[in-house]
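Each value in this text was obtained by applying a stated rule to the coordinates, not by laboratory testing. All values reported here derive from a predicted model rather than from experimental measurement. As a convention, Cβ positions derive from the backbone with ideal geometry for all residues, glycine included, and neighbour counts pool all protein chains shown.
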Amino acid sequence: MKNKILLLCTMLLMILACPTLMAQNDEYYRPDSLRNENPQETEEKPVQAPKPVEKKKDVEFSQLPFLERLRLGGSFGLSLGTVTNINLSPMAGYELTEKLIAGLGPTLMYFRYKYYDINTAYYGGRGFLMYSVVPKVKIIAEFEALNVEGSYQKRQWLASPMAGAAYSMPIGGRFIKEVHFTGLYNFSYNTQIDPYSRQNLSPYGSPFVFRVTFL
């Protein structure tokens, strides 16, 4: 009799325990989204798109201030041999347009002619126009006036119209922006003759003039 009562109690405990075990298993295997009937919703802040960077507008060339268009520099030349010529010429230029530069400057030369024992100084000035065909190639028109010493130590003025070209390399300075390797042709060279000695009074040894100019 005791065994039957014990068996009956065991069966009742098992019946009561089954629903609880099934409920625990169902909660264990239930997906996360179903475990909480009222999940708390988190508010996500809207992502703000980055502000576009405004590009600086290029200033029109005509609006550039005076100092931005000003160029300062000069040229030097050196010729050794029968004719010794040392040429120094400071220059100031101004950018009329993006491609055209106008300028002028004084010129001082030391001149020595070996065969005729001429040892003197020339002085004067020049004006020029420089036009950029492509960024590194420019054409140049120049007019130079020099006071020279002729026969019997008489001084006179020589006018020399010249034209040529230059190969330019930028150097990034504020006023000296480029260095120019220049070759010019003097159209008056063959007419610059002293009337007494019949010698050419040009301080250049030939109609071709070569300079290095910083401007």
Using alpha carbon centers only, region 159-215 is separated from region 87-150 by a whole-angstrom value of 6
Burial-style ranking of 153-161, 97-105, average other-beta-carbon count within 10 Å with highest first, yields 97-105, 153-161
In region 64-214, taking the dipole from +1 charges on Lys and Arg beta carbons and -1 charges on Asp and Glu beta carbons about the Cα centre, the listed residue (Ser79, Leu146, Trp157) farthest towards the positive end is Ser79
Stretched fully, the stretch from Phe187 through Ala102 gains (0.36 nm per residue minus C-alpha distance, one decimal, in nm) 28.6 nm
Spelling it out for Ile193: with amide H atoms placed in the peptide plane at 1.01 Å from N, the residues 5 or more places away or on another chain with amide H under 5 Å from its amide H are Leu201
Here region 147-163 yields Karplus 3J(HN,Hα) values (6.51, -1.76, 1.60; θ = phi - 60°; whole Hz; Gly and Pro given as x) of 8, 10, 9, x, 5, 6, 6, 8, 9, 8, 9, 10, 9, 10, x, 9, 8
Taking a ≥ b ≥ c as the square roots of the Cα gyration tensor eigenvalues, with a/c under 1.5 meaning rounded and otherwise prolate when a/b beats b/c or oblate if not, region 64-214 comes out prolate
